[in-house]
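What follows draws every value from the coordinates through simple rules; no lab data is involved. Since the model is a prediction, treat every value here as computed from it, not as a measurement. Every residue, glycine among them, receives a Cβ derived from its backbone with ideal geometry; neighbour counts consider all protein chains shown.
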């Protein structure tokens, strides 16, 4: 793989994200991502001729697993061939090692809690931080800053920003995964309900539900055969318990914390504005 100076390190992060999303879609059995079929469905369609549907599905899933593995390998290759100095490469590898381990642990926690939703809010918060906030915001921000020679004050500010922004991103994503419009979000709005994801949204609904609402949650949340009528019933419960509004309010808190984390940080004006605008966009990224 040929590398270009100044392009390889950020490209390595993009390929890491591709690996994480391909594997996430595979484990969640998601049909679409950004309005298009997920990797396993694309590969299933490519190799369907002459095979039974079950055989094509198995091949598509296995090939998607390998595609994600390839993206992860290419990510590492780009970093190793980016022309970094030895100290830079050592720093970059330390950062990407932490990012890789953290996202895999977070994905494991997500798998463990899926299908077993309940009132415990500690579980979704831990998944949010390990699975999403780290690899989506914190580690990419710090990788760029460290390679540029940033000092402790700036890296601490960016880490604070990243953890908060990552929380806001995942909380809003959880809302969109249930209440969003697929033609706008590019992904289904029933997968998290069928999988029985233990999100903060689900946990707050369990905490606030009366007996009838609790019965609906127990019956339908995690039902693989959930139809649209029952999905609407679940959305009604998530709304009536106040869980939907509570998560929307909660999204705003880390967005404000992200902006506060940048106060006094030695950042160029354009960078500060870009990060502040991103936090504002996250605050409005709900339904």
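Pairwise alpha-carbon distances in the stretch 60-170 exceed 22 Å for 43% of all pairs. Take the alpha carbon gyration tensor of the stretch 82-237, find the square roots of its eigenvalues, order them as a ≥ b ≥ c, and report rounded if a/c is under 1.5; if not, report prolate when a/b exceeds b/c, else oblate. Prolate, since a/c reaches 1.5 and a/b exceeds b/c. The Cα atoms of the stretch 175-287 give a gyration tensor whose axes a ≥ b ≥ c have a/c of 1.5 or more with a/b greater than b/c, which makes the shape prolate. Its relative contact order, with pairs defined as Cα atoms under 8 Å and 6+ residues apart, puts the chain at 19 percent.
For the chain, the alpha-carbon coordinates run over 60, 56, 30 Å along the three principal axes, in decreasing order. Of 58, 249, the sequence from fewest to most neighbouring Cβ atoms within 10 angstrom is 249, 58. Using C-alpha pairs under 8 Å with a sequence gap of at least 6, the mean separation divided by the residue count of the stretch 5-150 gives a relative contact order of 27 percent.
Shape call for the stretch 1-83 from the C-alpha gyration tensor, a ≥ b ≥ c root eigenvalues: rounded (a/c under 1.5), prolate (a/b greater than b/c) or oblate? Prolate, because a/c is 1.5 or more and a/b exceeds b/c. GNM remark for the chain: springs join alpha carbons under 10 Å apart, and the peak mean-square fluctuation among 101, 90, 241 falls on 90.
State the Cα centre-to-centre distance between the stretch 176-230 and the stretch 42-109 in whole Å. Centre-to-centre distance over Cα atoms comes out at 29 Å. Dividing the summed helix terms, -39500 (n - 2.57) for each DSSP H run of n ≥ 4, by the number of residues in the chain produces a 222 nm estimate of -23000 deg cm²/dmol to the nearest 500. Compared with the alpha-carbon gap, the fully stretched path from residue 249 to residue 69 is longer by 61.0 nm at 0.36 nm per residue. The residues 42, 138, when put in order of fewest to most other Cβ atoms within 10 Å, stand as 42, 138.
On the beta carbon distance between residue 51 and residue 284, with R0 = 35 Å, the FRET formula returns roughly 0.15.
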